[in-house]
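> Could you have a look at this structure, given as structure tokens, before my questions?
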Amino acid sequence: MATRTFDSSQRDHQVGSRRARIVGAVYYGGFTLLLILILTNQLRDFLPAGVVRRVGYNSEGYTLAILLGGWIQFALPRLSRAAKWPVTLGAAALSLAIALLLYAEILPSQYSTLNESFFALVLVLPYVTLTRPLRGWPPLASLAILVAVVLGVQQSPANSPVVLLAETMAVFILLPIGLDVVDRGILDRAARTVPALRYAWYALLVVVPVTVVLLGTPDRVGGGIHAVLEYIGRVHEGVIAVLAVQLYFAVGLRRTGRPATSNSRPGG
């Protein structure tokens, strides 16, 4: 009986590893291929013009999805306690240098626009490296940033940092909720998660941006709620990045922590 149980567990582990490799190849390979086609202006050779405009516009989201996913999956597990913060801060500093270079618009526009992905990584890499659990402050941080953005949108000109870095600000708002309220199992295997909450969050990240797009330009012109809708219309890349990372780890790799009713720690 013990041998049979061991064989079954070993087989399940092998199946899980094979599935993880396939899902990882699709995730990283798909986003990398898409990004290469965008950066080399080859996407129009494979997709209709209308689709190219929609898909190609979100290159910042694809870049962040690749780099953040890779950091969580491959870098964090390999960092020793002594090396964790020097390496993390070094990666954040490198991200800042790349962001500033891209922001200077020295390179062609399809490259320069990626500055928001690297600006986001400056804070996101240290954030995901923090030891979990983080107690109750991540959603409060998201709320504070959201309030600051809403107030800033009402008062800032179109060329202000709060507007120009809209996708970055969206990541700062959404990621603490996504990783430390909804999908806590991604960074903390022992955390409890609620499937209903997770899938409601995924749906929200799809429905809100799509609804704003469907409302059209007239409803996004002016002050007040119209300015907020216009801002939401600018943050699709950040939403795509956060949603992609959560779906990859929680759904694709099944990093869902413990069910809310479970008292046992997850295996593996």
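The values are calculated or read from the model by the stated rules, or taken from the named source; none is laboratory data. Worth saying up front: this structure is predicted, and the values here are computed from it rather than measured. Positions of Cβ are backbone-derived with ideal geometry, glycine not excepted, and every protein chain shown enters the neighbour counts. Note: accessible area is taken over every heavy atom of the protein model, side chains too, but ligands, DNA and RNA are not part of it. Shrake-Rupley method; radii C 1.70, N 1.55, O 1.52, S 1.80 Å.
> For the range 235-261, how many residues are in a loop (DSSP other than H, G, I, E, B), modelled with pLDDT of 90 or more and of a type outside the set (A, V, I, L, M, F, W, C)?
Of the range 235-261, the ones in a loop (DSSP other than H, G, I, E, B) are 235, 253-257, 260-261.
Imposing the further condition that a residue be modelled with pLDDT of 90 or more reduces the set to 253-256.
Now restrict to residues that are of a type outside the set (A, V, I, L, M, F, W, C): 254-256.
Final tally of qualifying residues: 3.
> Consider the range 120-151. How many of its residues are at negative phi and open to solvent by 40 Å² or more (accessible area, probe 1.4 Å)? Break it down stepwise before answering.
Just the residues of the range 120-151 that are at negative phi, to begin with: 120-134, 136-151.
Narrowing further to those that are open to solvent by 40 Å² or more (accessible area, probe 1.4 Å): 123, 130-131, 133, 136-137, 139-140, 143-148, 150-151.
Adding up the residues that qualify gives 16.
> Further question: Would you pick out the residues in the range 23-40 that are assigned to a helix (DSSP H, G or I), closer than 17 Å to L114 by Cβ and without any contact (Cβ under 8 Å) to a residue 40 or more places away in the chain?
Correct list: T32, L33, L34, L35, I36, L37.
> Residues that are within 22 Å of E237 (Cα to Cα), out of contact with any Pro (no Cβ under 6 Å at 6 or more places or on another chain), in a helix (DSSP H, G or I) and open to solvent by 50 Å² or more (accessible area, probe 1.4 Å): does the range 63-84 have at least one? First the steps, then the outcome.
Step one: of the range 63-84, the residues within 22 Å of E237 (Cα to Cα) are 63-73.
When the remaining residues are screened for being out of contact with any Pro (no Cβ under 6 Å at 6 or more places or on another chain), the result is 63-73.
The next check asks that each one be in a helix (DSSP H, G or I); those that pass are 63-73.
Among the residues that remain, those that are also open to solvent by 50 Å² or more (accessible area, probe 1.4 Å) are: 67.
Yes: one or more hits.
> Still on this structure: Filter the range 203-234 for residues that are open to solvent by 30 Å² or more (accessible area, probe 1.4 Å) and modelled with pLDDT of 90 or more and give the result.
A203, L204, V206, V207
> Could you list, in sequence order, all residues of the range 72-90 that are free of Cβ contacts under 8 Å to residues at least 12 places away in the same chain and either closer than 21 Å to Y62 by Cα or among the small types (G, A, S) (or both)?
Matches in the range 72-90: F74, S80, A82, A83, G90.
> Something else: Take the range 91-114 and flag every residue that is in contact (Cβ under 8 Å) with a residue 24 or more places away in the chain and open to solvent by less than 30 Å² (accessible area, probe 1.4 Å).
Answer for the range 91-114, where residues must be in contact (Cβ under 8 Å) with a residue 24 or more places away in the chain and open to solvent by less than 30 Å² (accessible area, probe 1.4 Å): A91, A92, S95, L114.
> So, in the range 9-32, of the ones that are among the aliphatic types (A, V, I, L, M) and surrounded by 12 or more Cβ atoms within 10 Å (Cβ to Cβ), which residue ends up modelled with the lowest pLDDT? Reasoning before the result, please.
Restricting attention to the range 9-32, the residues satisfying the condition of being among the aliphatic types (A, V, I, L, M) are 15, 20, 22-23, 25-26.
Subsequent filtering for residues that are surrounded by 12 or more Cβ atoms within 10 Å (Cβ to Cβ) retains 20, 23, 26.
Working: A20: 91, V23: 96, V26: 97.
Out of the qualifying residues, it is A20.
> Mind listing just one residue for me: the one in the range 152-202 that is basic (K, R) and in contact (Cβ under 8 Å) with a residue 60 or more places away in the chain and, of those, surrounded by the most Cβ atoms within 10 Å (Cβ to Cβ)? Working first, answer last.
Narrowing the range 152-202 to residues basic (K, R): 184, 189, 192, 198.
Of the ones still in play, those that are also in contact (Cβ under 8 Å) with a residue 60 or more places away in the chain are 184, 189, 192.
Values: R184: 26, R189: 16, R192: 15.
Out of the qualifying residues, it is R184.
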